[in-house]
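These notes concern the structure reproduced below.
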Amino acid sequence: MNPFEEFMNASTFAVAGASRERSKYGNQVFRALLASGRTVYPLNPSAVEIEGYTAFASLSELPIIPESLSIVTPPHITRQIVEQAIAAGVSNLWMQPGAEDEQASRAAREAGLRVIDDGSCILVLLARERRH
């Protein structure tokens, strides 16, 4: 299975950097995962609720450990999120365009996580899924 299939075949997801603002990329990723019928949790330390769902400040606050984590944060925040993901036992990371950080990618791979950090966009993959 390729890394994209591994990521998308997970049973639970989280979006780090999910936003309350519908025009923001983090909100769009969160809504697209929801629309695809997946179980997804929004991560945002400054939000109480996103799109009617309880927002969580960090991975450690989630009721479960998501198998796949989409990261939509600035690179310096990505490093912190990846540290949390390694500690929590997340299996798959997808650093969305603009969130990539070489140091975080290396740390995640060394810890055994599957990492997508090639500039590809989850929204494109989800749009293809909807068409099939």
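Data table
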read-out	value
Test: residue in the stretch 17-30 that is within 18 Å of ASP117 (Cβ to Cβ), open to solvent by 70 Å² or more (accessible area, probe 1.4 Å) and part of a helix (DSSP H, G or I)	no
Residue match in the stretch 54-66 (condition: touching a residue at least 60 places away in the same chain (Cβ under 8 Å), closer than 22 Å to PRO3 by Cβ and either open to solvent by 70 Å² or more (accessible area, probe 1.4 Å) or touching an Asp or Glu at 6+ places or on another chain (Cβ under 8 Å) (or both))	no
Any chance SER46 is at pLDDT 95 or above, hydroxyl-bearing (Ser, Thr, Tyr), more than 21 Å from ARG130 (Cα to Cα) and not in a helix (DSSP H, G or I)	yes
SER70 being open to solvent by less than 30 Å² (accessible area, probe 1.4 Å), of a type in the set (Ser, Thr, Tyr) and in a strand (DSSP E or B)	yes
Unmet requirement for ALA87, which otherwise passes all of (1) hydrophobic (A, V, I, L, M, F, W, C); (2) surrounded by 15 or more Cβ atoms within 10 Å (Cβ to Cβ); (3) in a helix (DSSP H, G or I)	(2)
Qualifying residue in the stretch 93-102 (condition: farther than 20 Å from ALA32 by Cα, surrounded by 17 or more Cβ atoms within 10 Å (Cβ to Cβ) and in contact (Cβ under 8 Å) with a residue 12 or more places away in the chain)	yes
Conditions (1) in contact (Cβ under 8 Å) with a residue 60 or more places away in the chain; (2) part of a helix (DSSP H, G or I); (3) open to solvent by less than 70 Å² (accessible area, probe 1.4 Å); number of the one not met by ALA108	(1)
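The values are calculated or read from the model by the stated rules, or taken from the named source; none is laboratory data. These figures come from a predicted structure and were not determined experimentally. Note that we place each Cβ from the backbone using ideal geometry, even for glycine, and neighbour counts take in every protein chain shown. These area figures cover heavy atoms from the full protein model, side chains too; ligands, DNA and RNA do not enter into them. Shrake-Rupley method; radii C 1.70, N 1.55, O 1.52, S 1.80 Å.
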